[in-house]
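The structure appears right after this line, and notes come after that.
The values are calculated or read from the model by the stated rules, or taken from the named source; none is laboratory data. This one's a predicted model, so the numbers in the text were calculated from it and none came from an experiment. Using ideal geometry, Cβ is built from the backbone for each residue, glycine included, and neighbour counts are taken over all protein chains shown. Side chains are part of the model used for accessible areas, which takes the heavy atoms of the whole protein and leaves out ligands, DNA and RNA. Shrake-Rupley method; radii C 1.70, N 1.55, O 1.52, S 1.80 Å.
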Amino acid sequence: MHTERLVRRELDDAVVRLAAAVIQGESGTGKTTLWREAVERARERGYRVLACRPAEPERTLPFAGLTDLFDGVTDAEFGLLPGPQRHALDVALLRTAPEGAPPDPRAVNVAALGLVRSLAERHPVVLAVDDTQWLDPASAGVLGYVARRLPEHSVGLLAAVRSDGSGGAPVPFGLDPDRFARGTVIELEKAKRRLTGREGAVLTLLVDGLTATAIAHRLGTSPRTVHKHLENLYRKLDASDRLTAVLRAQRLGLLPGAGETGPGQQERRSQPLTR
């Protein structure tokens, strides 16, 4: 099954079961596209989606992400909170002017949890956060408090986070991966590395600059079959040409000797790659 189709199926399954789903991958791997599709599927199913998409410059703005997340919540829905909790959350979200000391962080946490629980009594709720690595620490702390209490209520979590390609991206909000439903922790780069044996052979020969005809002769197959393997490679590597495919495969460690910098490796890289 095509990787993206598998990922979409598992994300859809996670949304249906209101599980915690985390999409991990490097920049440009399609995290946001999958995140948006999952958000739309949740809305199509009648779920209340509270979403935010933080950006790097906003990481220093306290509660910026939480403000976006609760942007669609009505005054009447905020009004269901007890007075002290509502005031604390209103101040944090700049819905009202502060009076005296800043709101107690615990009060903000409890208020956010109470608000999400209240919304979930009417419709299942999905908290959707894209690019969680840019979420401001104050919002991340509140969402962590809420997310760790999700299994008890009709609330799901959908988060996308950028990784560095080495599997180094932490699971956001301090969630325990063992509590996720099977297949909902997705590392896109690892998934896209699942090449067949023949695709790996074609990829290796690409580095030598062989044409499709030459590769076919070397592998004892037809040029048409080689072109089919190339199409699959381009799709799995998000590439549109041979050079991009080879460079991306080298970066992902898919080629023998990837990362070597000796004269032989440099000479091989410099050879032209004909289409």
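Residue-by-condition table, conditions (1) at pLDDT 85 or above; (2) buried (at least 19 other Cβ atoms within 10 Å of the Cβ):
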| site | (1), (2) |
| --- | --- |
| L150 | no, yes |
| H153 | no, no |
| F180 | no, no |
| K190 | no, no |
| G200 | yes, no |
| A212 | yes, yes |
| P223 | yes, no |
| V226 | yes, yes |
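Residues in the range 233-246 that are within 14 Å of G200 (Cα to Cα) and of a type outside the set (D, E, K, R): L233, Y234, L237, A245, V246.
Within the range 16-38, can you find the residues that are of a type outside the set (A, V, I, L, M, F, W, C) and either at pLDDT 90 or above or closer than 30 Å to D90 by Cα (or both)? Correct list: T32, R36.
Suppose we filter S163, S139 for residues that are among the hydroxyl-bearing types (S, T, Y), at pLDDT 65 or above and within 30 Å of H229 (Cβ to Cβ); which single one remains?
Details: S139 fails: within 30 Å of H229 (Cβ to Cβ).
Just a single option satisfies the conditions, and that option is S163.
Checked against (1) of a type outside the set (V, I, T); (2) open to solvent by less than 20 Å² (accessible area, probe 1.4 Å); (3) more than 19 Å from the chain's Cα centre (by Cα), P57 meets all criteria but (2).
I'd like to verify a number: residues in the range 208-228 that are in contact (Cβ under 8 Å) with a residue 40 or more places away in the chain and at positive phi, how many? So the count comes out to 1.
Can we say R41 is modelled with pLDDT of 80 or more, more than 15 Å from D130 (Cα to Cα), open to solvent by 40 Å² or more (accessible area, probe 1.4 Å) and not in a loop (DSSP other than H, G, I, E, B)? Write out each step before concluding.
Numbers: modelled with pLDDT of 80 or more: yes; more than 15 Å from D130 (Cα to Cα): yes; open to solvent by 40 Å² or more (accessible area, probe 1.4 Å): yes; not in a loop (DSSP other than H, G, I, E, B): yes.
Yes.
Give me the residue from the range 95-143 that is among the charged types (D, E, K, R) and assigned to a helix (DSSP H, G or I) and, out of that set, least open to solvent (accessible area, probe 1.4 Å).
Of the residues in the range 95-143, the ones among the charged types (D, E, K, R) are 95, 99, 104, 106, 117, 121-122, 130-131, 136.
Now drop any that are not assigned to a helix (DSSP H, G or I), which leaves 106, 117.
Working: R106: 171, R117: 81 Å².
Checked the range 95-143; the qualifying residue least open to solvent (accessible area, probe 1.4 Å) is R117.
Let's see how each residue does on (1) open to solvent by 80 Å² or more (accessible area, probe 1.4 Å); (2) touching a residue at least 24 places away in the same chain (Cβ under 8 Å):
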{"residue": "T67", "(1), (2)": "no, yes"}
{"residue": "F70", "(1), (2)": "no, yes"}
{"residue": "D75", "(1), (2)": "yes, no"}
{"residue": "F78", "(1), (2)": "no, yes"}
{"residue": "A88", "(1), (2)": "no, no"}
